[in-house]
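Beneath this line is the structure, given in structure tokens, with notes to follow.
The values are calculated or read from the model by the stated rules, or taken from the named source; none is laboratory data. If you're wondering where the values come from, they're calculated on a predicted model, not measured in any experiment. Backbone-built Cβ (ideal geometry, glycine too); neighbour counts: all protein chains shown.
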Amino acid sequence: MTQPQSHPDLVRLMEAGIAGGVFPGGTLLVRVRGKTMHLSCHGRRSLEPPGEPVDAHTCFDLASLTKVLATAPLVLLSIQRGHLALDEPVRRALEDYTGPGRDTITVRMLLDHSSGLPAWRPYYEAVRANGGEAWLATVEGQEMVRRLVAAETPEAQPGTRALYSDLNFILLDWILERVHDRPTDLLFAEWLARPLELGSLFFVDLKSPAGTARAREGRAFAATERCPWRRRTMIGEVHDDNTYAMGGVSGQAGLFGTIQDVAALADAWLGALLSSEGFFEQRLVRQFWQRSDLPGSTRALGFDTPSPRASQAGGLFGPRTVGHLGFTGTSLWIDPDRELIVILLTNRIHPTRQNEAIKQFRPVLHERVAQLWG
């Protein structure tokens, strides 16, 4: 089997990222018109404890890439199969989701972050305060976080403001579970991982010791933070605080995977946009990739688009580009005009989330990619 090429400029940039402490380990993949033009692996899976070198089989905590690799495609398929509609109110699936401001929130508003809900809340602290350590990563923790999200009053009138919010995707996860009567990780495995043969794109369900063991068996993980409140380095368990409290599976975070399986799912998105014979329905992908018309918004449905100024995607990708970032140091950008996919997976928060050097690194990397395959 022919090995993908590695472009020396990109290898140098990635190695400079390792040497400069941007991240301890990372892997970069570039695909153009369905062909892998660059694949390289760098650094180590962990520093504390000392880990093996990163390779193409290393599983990364994908953080908020979960939103566009799991939640958004599951919502799209639910619409495609007639189970959901973009403009139906949340309360149709979640009957108790009523009250001031909530009645008018729709599935579309959750996807494009125009629900008016706050950006984030430390729900895991409430779980710890009410149930102690015993409630963390349990069904009780999941139920409590969902109740707290459902009780939030929108800070702005729904549909009038775009504010990126994890709460939107906690609700989408709950909607999917309610509509299909099965948790998101099982739905993901059935609807996406199996038909697309994504054997290394998965959730780690911490609520089930047996499920956790199965998910980790035979896999190597990049470490994330040495968490101050969990008092250990996170390896093979979700870093995101609220998702951890919920048991490792939610709509905003929790997905793990290798770079090649991330690329395969990105291929499915792009292929469906370019062809009516794709895995997803073409007209729906076009809707999902259309930037919101709300003033100042860079959001599409699930996806982000490059900001006009100081974008983490750099300034050279095409106007129809969509993508997303992940807190752990992951990113995905898809430029349909170039038929270009760029995936960067790192563990920049190892050993601490205070390391934000990647904010300067990513735009430089992405602009070099755009120059090489412009």
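Given (1) under 19 Å from the mean Cα position of the chain (by Cα); (2) among the small types (Gly, Ala, Ser); (3) under 25 Å from Thr258 (Cβ atoms); (4) part of a loop (DSSP other than H, G, I, E, B), identify the lone condition not met by Ser114.
Of the numbered conditions (1) under 19 Å from the mean Cα position of the chain (by Cα); (2) among the small types (Gly, Ala, Ser); (3) under 25 Å from Thr258 (Cβ atoms); (4) part of a loop (DSSP other than H, G, I, E, B), the odd one out for Ser114 is (3).
Determine the pairs where a residue that is farther than 17 Å from Ser78 by Cβ and outside the structural domain of Ala156 (by TED's automatic domain parsing), located within the stretch 270-299, has a partner that is surrounded by 12 or more Cβ atoms within 10 Å (Cβ to Cβ) and among the β-branched types (Val, Ile, Thr) with Cβ atoms under 6 Å apart, the partner being 6 or more residues away or on another chain.
Leu270/Ile334; Leu273/Val285; Trp289/Val322; Arg291/Thr305; Thr298/Thr305
Report the residue count in the stretch 82-98 for those that are crowded, with 17+ Cβ neighbours inside 10 Å and without any contact (Cβ under 8 Å) to a residue 60 or more places away in the chain.
Looking only at the stretch 82-98, we keep the residues that are crowded, with 17+ Cβ neighbours inside 10 Å, and these are 84, 86, 89-90, 93-94, 97.
Filter once more, keeping what is without any contact (Cβ under 8 Å) to a residue 60 or more places away in the chain: 89.
So the count comes out to 1.
For the stretch 45-62, what are the residues that are in a loop (DSSP other than H, G, I, E, B) and either among the basic types (Lys, Arg) or closer than 25 Å to Gly323 by Cα (or both)?
Initial filter on the stretch 45-62 (in a loop (DSSP other than H, G, I, E, B)): 45-52, 54-57, 62.
Arg45, Val54, Asp55, Ala56, His57, Leu62 - these are the residues of the stretch 45-62 that are in a loop (DSSP other than H, G, I, E, B) and either among the basic types (Lys, Arg) or closer than 25 Å to Gly323 by Cα (or both).
Does Val75 fit the bill of being touching a Gly at 6+ places or on another chain (Cβ under 8 Å), of a type in the set (A, V, I, L, M, F, W, C) and in a helix (DSSP H, G or I)? If you could, list the steps in order and put the result at the bottom.
Numbers: touching a Gly at 6+ places or on another chain (Cβ under 8 Å): yes; of a type in the set (A, V, I, L, M, F, W, C): yes; in a helix (DSSP H, G or I): yes.
Yes.
Can you pull out every residue in the stretch 290-323 that is at positive phi and surrounded by fewer than 24 Cβ atoms within 10 Å (Cβ to Cβ)?
Those that are at positive phi and surrounded by fewer than 24 Cβ atoms within 10 Å (Cβ to Cβ): Gly296, Ala310, Gly314.
Please determine whether any residue of the stretch 44-61 is closer than 18 Å to Phe279 by Cβ and in contact with a Gly (Cβ under 7 Å, 6 or more places away or on another chain). Can you show your working first?
The first filter runs over the stretch 44-61 and keeps only residues closer than 18 Å to Phe279 by Cβ, leaving none.
Within the stretch 44-61, none of the residues are closer than 18 Å to Phe279 by Cβ and in contact with a Gly (Cβ under 7 Å, 6 or more places away or on another chain).
Would you kindly identify the helices (runs of 4 or more DSSP H) lying entirely within the stretch 204-317 that contain at least 1 residues that are under 24 Å from Val342 (Cα atoms)? Walk me through it before giving the result.
On the way: elements: 209-216, 241-245, 259-274, 282-288.
Those helices (runs of 4 or more DSSP H) span 259-274, 282-288.
So which residues in the stretch 5-29 are in contact with a Leu (Cβ under 7 Å, 6 or more places away or on another chain) and under 24 Å from Leu255 (Cβ atoms), if there are any at all?
Those that are in contact with a Leu (Cβ under 7 Å, 6 or more places away or on another chain) and under 24 Å from Leu255 (Cβ atoms): Met14, Pro24, Gly26, Thr27, Leu28, Leu29.
Considering only the stretch 140-155, state which residues are loosely packed, with under 12 Cβ neighbours inside 10 Å and in contact (Cβ under 8 Å) with a residue 24 or more places away in the chain.
Of the residues in the stretch 140-155, the ones loosely packed, with under 12 Cβ neighbours inside 10 Å are 151, 153.
Once the filter is applied, which keeps residues that are loosely packed, with under 12 Cβ neighbours inside 10 Å and in contact (Cβ under 8 Å) with a residue 24 or more places away in the chain, the stretch 140-155 yields only Thr153.
May I ask you to say which residue of Asp87, Asp96, Asp112 is farther than 30 Å from Ala222 by Cβ and either of a type in the set (Ser, Thr, Tyr) or modelled with pLDDT under 95 (or both)? Walk me through it before giving the result.
Numbers: Asp87 fails: either of a type in the set (Ser, Thr, Tyr) or modelled with pLDDT under 95 (or both); Asp112 fails: either of a type in the set (Ser, Thr, Tyr) or modelled with pLDDT under 95 (or both).
Unique residue meeting the criteria: Asp96.
Between Glu48, Glu52, which is at pLDDT below 95, among the acidic types (Asp, Glu) and either farther than 30 Å from Ser115 by Cβ or under 18 Å from the mean Cα position of the chain (by Cα) (or both)? Don't jump to the end; show me each part of the working.
Working: Glu52 fails: at pLDDT below 95.
Within the list Glu48, Glu52, the selection yields Glu48.
In the set Arg128, Arg182, which member is modelled with pLDDT of 95 or more and either surrounded by 16 or more Cβ atoms within 10 Å (Cβ to Cβ) or part of a helix (DSSP H, G or I) (or both)? Outline the logic, then answer.
Working: Arg182 fails: either surrounded by 16 or more Cβ atoms within 10 Å (Cβ to Cβ) or part of a helix (DSSP H, G or I) (or both).
From the options Arg128, Arg182, the qualifying one is Arg128.
So the check is Cβ under 9 Å with 6+ separation or different chains; which pairs have a first residue in the stretch 337-357 that's outside any loop (DSSP other than H, G, I, E, B) and surrounded by fewer than 17 Cβ atoms within 10 Å (Cβ to Cβ) and a second one that's modelled with pLDDT of 95 or more and not hydrophobic (A, V, I, L, M, F, W, C)?
none
Given the structure, is Leu65 more than 21 Å from Gly159 (Cα to Cα), in contact with a His (Cβ under 7 Å, 6 or more places away or on another chain) and outside any strand (DSSP E or B)? Give the steps one after another, and end with the answer.
On the way: more than 21 Å from Gly159 (Cα to Cα): yes; in contact with a His (Cβ under 7 Å, 6 or more places away or on another chain): yes; outside any strand (DSSP E or B): yes.
For Leu65, the condition - more than 21 Å from Gly159 (Cα to Cα), in contact with a His (Cβ under 7 Å, 6 or more places away or on another chain) and outside any strand (DSSP E or B) - is met.
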